[in-house]
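Data block below; observations after.
The values are calculated or read from the model by the stated rules, or taken from the named source; none is laboratory data. Values in this document were obtained by computation on a predicted structure and should not be read as measured data. Here the Cβ positions follow ideal geometry from the backbone for every residue, glycine too, while neighbour counts run over all protein chains shown. Accessible surface is based on the protein model in full, side chains and every heavy atom, while ligands, DNA and RNA are left aside. Shrake-Rupley method; radii C 1.70, N 1.55, O 1.52, S 1.80 Å.
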Amino acid sequence: MPAGSIQSTKIPSPTLFSELKATSWEQLIPTLTAGIVIGIIIAFVEISFAALIFSGKLSAFLPNGIGFLLLGTCVLGVVIALFSSYPGMIALAQDSPAAIMALVATGMAAQMTDGISAESLFLTVMATIMLSSIATGLIFFILGWFELGSLVRFLPYPVVGGFLAGTGLLLFKGGISVMTDVPFTLAMFHFPEILRWLPGVLFGGILLGILRHYSPFWLMPTLILAGIALFYLVWALTGIPFAQAESGGWLLGPFPEGNLWQPLTLSSFQQVEWALIPPQIGNLLTIVMIALISLLLNAGGMELVARRDIDLNQELRATGLANIAGGVAGCPVGYPTLSLSALGFKLGSHSRLVGLTAAALCGLLFLFGAAVLSLFPKVIFGGLLVFLGFCFLVEWVIDAWHTLPKTDYILVWVILAIVGAFGFLHGVVAGVIIAVALFVVKYSQINVVKHTLSGASFQSHVDRPLPQQRFLREKGDVLLIFQLQGFIFFGTAHNLLNQVRSRAADPSLPALRFVIFDFRLVTGLDSSAIQSFAKLKQFAEAQHLTLILTSLAPSIEHLLSSGGFVQKDDPVIRLFTDLDHGMEWCEEQILHGPNSPEEASAAQRHFFESTYNDILKFIEKQELFEIVVTDMMPYLEKQTPQSGEVLIRQGELSDALYFIESGKVTAQCEHADGSILRLSTMGFGSVIGQTIFYLQEPATETVVVTQPGTIYRLSITALESMTENNPQLAALFHKLMAQRLGERLRNTHKALESLLQ
């Protein structure tokens, strides 16, 4: 396939021009308005992230950091706007990666030696940001290219909540660090340091309180501008010169003249301290994981907001390209945002022009906004970070109490505590380990037994004489049947062993002789479960039980064989293709099992006394049936089919009934995959094909001869002739057929009752 055709199936061509042609002036105004409002919000947020990352020893490089984030966000926004599967998707450098990158920068600063300059530290942080974004972009693109987006759905939900709560904690601490220009420590809670960050925390709390109840698109920019105005008003009322606000570290500036961006050259990378990067690999991998999870959550949330499907694999490919391009521009990892994308949708715009307008505004601010940015108070941008941190913490620490199960809620707290004490990597690992352990404990409590039956309530599909049916019902409690389901591992297999032990020890029931395990609904078997099955086999040998395994998938049979549980010519374990054949074998052992002469004689007397009336009724019905069939002989066609010959074929119409005088036939259902399910095996005295004969519909089963004998065939033409010539005989015949169909329905109802108990 040509390369061009591959690309066209993976990355759609931009549809901006076609959208512009279809956009009217009435639609263009809200689109541009939404883009401008969203662009202003993004600019404020990205400046806050820059202040978060480039603080402390890197504060002198804050103008460069702002330039890199604004330019990178512009690139991210353009790529996502052009290639996202949803036209109105908005992307920016995000909070969680920025918070972790700030942690990385702080760690690198702590590793600095006297020989490393501040400029080398800055270039090392920038190199780390670029490598992180490009590597994340490549991973995203590969996952999307091979359509593996669904893999990220398997991370446990409370672990995601713990990550996001940890992100909120880092954003909160980072906001305070932005306002104080030093890393977060307990010393910040002493006077006068508290005066630098307390107003920002109050501002973040006010934003949270208002925006949780009111969310018009103009409210957040208005509150930010009001906060800036209030800062200058308070400062003016104090009478302190504004020059002291700048020199005292209350403002973002001073910034150099001109644009905010100074491109990195090849010579710049010669000053990078590459040895500082490997210790941060754990945090960088955490960025990839959190970005994947966040992208999934945001895309899923946008599907609900916009009420349309979003192609997650396409979002991965587009976000991968965006991060590669943004990484080259020096931007931290970014991805589509749910809140701003939903804002554009609520403003009535569904166009790619929204994202492009917002990106263009960031680009203009990057080129011409240095002088204006110098006047912004740090307390406002720090408060904005505190607000974002509060949002995560309130959602996952307070609101989650009412939405999550208590074990999941506790897990969120555990991950939050570990992230706060040791870092994101430790929180990730601990969260996944704890979540897996909780899953194992919870899953082991699930009963893998779908139905527990006995031979007294459930029989095979072999059509047996009435005395044998009664005997099997009376003696059937020596047979225990487990219909298994789901995935079996050591926890659930051990529970299975305990259930067998409990039944064998029950003094109110006869001694157990046979245990059937039907694996038809089992999806898989873990190798750790072999140990529990081995103990089950030892128990069976000690109790003189026979274990019957039915419907084993080849992979499960191989696993049991390789583990030594199933062996050739094993006297304890027998294998059958399905439950019906396993039941038939057990019933034969019960019917013809060894008994002492005294026990046999007593059992026969008791059986004869208890079934006397049933036997009489059976004999009467059989005699009447034989009389009717004898009178019908002129209308019957005698046949002697051989083994393997088909009497009725599934899916075809049948124009005759069949009466078995000798031999056996089997009714079976043939599935599309070639597998065959036996429905019943019938012999002397059975009637074949009543239902489809009367309904005149295609047969739902195939009837094949399994033992040669003599069969009589009654065709529709012969029945019509009998109805015309001997209506009394025909009426008696129809009455007998109705009785047989009623008995079959009754037996089916009893079987269903035993399954539903």
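Filtered by the rule that a residue be among the aromatic types (Phe, Trp, Tyr) and open to solvent by less than 60 Å² (accessible area, probe 1.4 Å), the range 438-483 gives 443, 458, 471, 482.
In the set 756, 745, 729, only one residue is open to solvent by less than 60 Å² (accessible area, probe 1.4 Å) and modelled with pLDDT under 85; that residue is 729. Might you let me know whether the range 649-672 holds any residue that is modelled with pLDDT under 80 and small (Gly, Ala, Ser)? Yes, the range 649-672 has at least one match.
Restricted to the range 501-532, and to residues there that are hydroxyl-bearing (Ser, Thr, Tyr) and in contact (Cβ under 8 Å) with a residue 24 or more places away in the chain, the residue that is least open to solvent (accessible area, probe 1.4 Å) is 532.
Counting only residues that are buried (at least 22 other Cβ atoms within 10 Å of the Cβ) and among the polar types (S, T, N, Q), the range 102-122 holds 0 of them.
Residues in the range 346-391 that are surrounded by 24 or more Cβ atoms within 10 Å (Cβ to Cβ), at pLDDT below 80 and of a type in the set (Phe, Trp, Tyr): 381 only. For the range 78-120, name all the residues that are more than 21 Å from residue 165 (Cβ to Cβ), polar (S, T, N, Q) and within 30 Å of the chain's Cα centre (by Cα). Once the filter is applied, which keeps residues that are more than 21 Å from residue 165 (Cβ to Cβ), polar (S, T, N, Q) and within 30 Å of the chain's Cα centre (by Cα), the range 78-120 yields 84, 85.
Annotation note: of 99, 34, 93, 43, the sole residue that is closer than 26 Å to residue 321 by Cβ, buried (at least 17 other Cβ atoms within 10 Å of the Cβ) and at pLDDT 90 or above is 93.
Give me a count of the residues in the range 208-225 that are in a helix (DSSP H, G or I) and either at pLDDT 80 or above or at positive phi (or both).
8
Every test in (1) assigned to a helix (DSSP H, G or I); (2) closer than 24 Å to residue 437 by Cβ; (3) open to solvent by 40 Å² or more (accessible area, probe 1.4 Å); (4) touching a helix residue (DSSP H, G or I) at 6+ places or on another chain (Cβ under 9 Å) is passed by residue 498 save one, and that test is (4). Residues in the range 297-309 that are surrounded by fewer than 21 Cβ atoms within 10 Å (Cβ to Cβ) and touching a residue at least 40 places away in the same chain (Cβ under 8 Å) were compared, and the one that is nearest to residue 167 (Cα to Cα) is 297. Within the range 307-342, can you find the residues that are closer than 11 Å to residue 130 by Cβ and in a helix (DSSP H, G or I)? Scanning the range 307-342 gives 323, 324, 326, 327, 328.
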